[in-house]
1. Over the chain, what is the relative contact order in whole percent, taking alpha-carbon pairs under 8 Å and six or more residues apart?
2. Could you tally up the Lys pairs in the chain with alpha carbons closer than 24 Å? Skip any pair fewer than 8 positions apart unless they're on separate chains.
3. What longest region of the chain stays clear of trypsin sites (Lys or Arg not before Pro) that DSSP places outside H, G, I, E and B and that have at most 16 other Cβ atoms within 10 Å?
4. Which value, in debye to the nearest 20, describes the size of the charge dipole of segment 24-135 about its Cα centre when Lys and Arg Cβ atoms bear +1, Asp and Glu Cβ atoms bear -1, and nothing else is charged?
5. To make sure I understand, if each residue's beta carbon is the centre and we count other beta carbons within 10 Å, what order do Val60, Val122 fall in, fewest to most?
6. Relative contact order of segment 80-136: what whole-number percent is it, with Cα pairs under 8 angstrom and at least 6 residues apart?
7. How long, wide and thick is segment 80-136, going by the Cα atoms along their three principal axes, in whole angstroms, largest first?
8. Per residue Cα convex hull volume for segment 1-130, in cubic angstrom?
Amino acid sequence: MANRIYRGQDMTIRAVTAKVAAALKPGSLVKYNGVQFEAHDDASKKMFVLGNLDSVGQDVETAYAVNDSGIGYDAKPSDQFQARMAAGTYAYGDPLESDNAGGLNAAGGMIVAYFEGKTGPVAAGALADVSIAAFYTPALV
């Protein structure tokens with residue numbers, strides 16, 4: 001497993017530093033309310049990916065304490081991250097949606113990312129490689 005959340009090459013990625021409202025782990029999807037990060041629970045809100053503060057020795061499995069300062073990456077289409085997943089079996093390229101609790105699961109609504117990890121089962125809360133999508137809702141057939 002990689003030791004960083006942001007997996008892309010662009011070192012100019014926009015990030016926001018703010019307090020973390022709950023004990024969230026790096027790789028969680030969060031929203032920013034102008035004051036603090038909260039678990040991303042609303043597909044209509046801008047999505048950030050909570051990073052780890054590797055410059056001070058925080059690894060990707062150490063949760064932030066409530067009111068710690070955290071870093072949230074401004075997730076843009078095609079950016080690559082490690083993100084927290086809901087339990088399930090995923091295949092490379094599977095569309096993903098926010099599980100409304102800070103993670104990703106198999107899409108049934110608004111697609112926000114694509115699975116880029118190894119095909120197979122993923123445990124709840126595990127990190128997996130994903131690529132951010134241009135958010136959209138698939139047409140109903």
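1. 24 percent
2. 14
3. 47-117
4. Value, rounded to 20: 120 debye.
5. Arranged by neighbour count, lowest to highest, Val60, Val122 become Val60, Val122.
6. The normalised contact order for segment 80-136 reaches 44 percent.
7. 25, 21, 19 Å, listed from the longest principal axis down.
8. Measuring per residue, one finds 97 Å³ for the Cα hull of segment 1-130.
All of the numbers you see were taken from the coordinates with simple rules; none came from a lab. The structure presented is a predicted model; accordingly, all values stated were derived computationally and were not measured. In this analysis, Cβ positions are derived from the backbone assuming ideal geometry, glycine residues included, and neighbour counts consider all displayed protein chains.
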